[in-house]
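Trainee: Before I ask anything, let me first share the structure, which is written out below as structure tokens.
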Amino acid sequence: MKTSKGIKITGWVLTGLIAAALIMSAFMKISLHEMVVEQAGKAGVEPSTFRMIGIVELLSVILFVIPRTGIVGTVLLVAYFGGAISSHVFGHQPLGTVIGFEVVICLTAILRFPELTQRLIKGNK
């Protein structure tokens, strides 16, 4: 299956934007930035728990960016944001940003991994 150059470039640009945002988010959690500590308090979570969440987020992003492990990284990020959506629902917090990230990650996976799209959408033919 041949992919056009424009689609590949778009996939990689989206990958870079996602990676930049999530790496920043992960480092804020790992370093226990004051904004993260404040959010943890509102959510009723120990700030130290956010450090582990940041490590999981960072590892998932690294796997997402590396072409050979990109599909595994995609699955981990989709699961990560599924948990984030659940946490936001239970905490009565706005959902727009986390749902937006989930959608962009899925669209990026469709652009970067056409074989994944073929398997999931078109079946195993």
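The values are calculated or read from the model by the stated rules, or taken from the named source; none is laboratory data. Please read all numbers here as calculations on a predicted model, not as lab measurements. Here Cβ is always computed from backbone atoms with ideal geometry, including for glycine, and neighbour counts include all displayed protein chains.
Trainee: Kindly indicate whether LYS8 is under 30 Å from PRO114 (Cβ atoms) and touching a helix residue (DSSP H, G or I) at 6+ places or on another chain (Cβ under 9 Å).
Mentor: Spelling it out, LYS8 is indeed under 30 Å from PRO114 (Cβ atoms) and touching a helix residue (DSSP H, G or I) at 6+ places or on another chain (Cβ under 9 Å).
Trainee: Let me ask you something else. If the requirement is being under 20 Å from ALA19 (Cα atoms) and of a type in the set (Phe, Trp, Tyr), which of these qualifies: PHE81, PHE90?
Mentor: On inspection, the qualifying residue turns out to be PHE81.
Trainee: Test GLY41 against the stated conditions and say whether it is under 11 Å from the mean Cα position of the chain (by Cα), without any contact (Cβ under 8 Å) to a residue 40 or more places away in the chain and loosely packed, with under 12 Cβ neighbours inside 10 Å.
Mentor: The answer is no for GLY41.
Trainee: Separate question: Quick check: anything in region 111-118 out of contact with any helix residue (DSSP H, G or I) (no Cβ under 9 Å at 6 or more places or on another chain) and over 26 Å from ALA43 (Cβ atoms)?
Mentor: For region 111-118, residues out of contact with any helix residue (DSSP H, G or I) (no Cβ under 9 Å at 6 or more places or on another chain) and over 26 Å from ALA43 (Cβ atoms): present.
Trainee: Separate question: Looking at MET52, is it closer than 23 Å to CYS106 by Cα and more than 11 Å from the chain's Cα centre (by Cα)?
Mentor: When the stated conditions are applied, MET52 does not pass them.
Trainee: Considering region 63-73 alone, what residues qualify as being surrounded by 14 or more Cβ atoms within 10 Å (Cβ to Cβ) and under 26 Å from SER31 (Cβ atoms)?
Mentor: Residues satisfying the conditions are LEU63, PHE64, VAL65, GLY73.
Trainee: Having 1 or more residues that are modelled with pLDDT of 90 or more, aromatic (Phe, Trp, Tyr) and at negative phi is the bar; report the helices (runs of 4 or more DSSP H) wholly within region 1-104 that clear it.
Mentor: 5-30, 47-65, 70-90
Trainee: Turning to a different aspect of this structure: Can you pull out the residues in region 86-105 that are surrounded by 15 or more Cβ atoms within 10 Å (Cβ to Cβ) and either among the β-branched types (Val, Ile, Thr) or closer than 28 Å to ILE7 by Cα (or both)?
Mentor: Correct list: VAL98, PHE101, GLU102, VAL104, ILE105.
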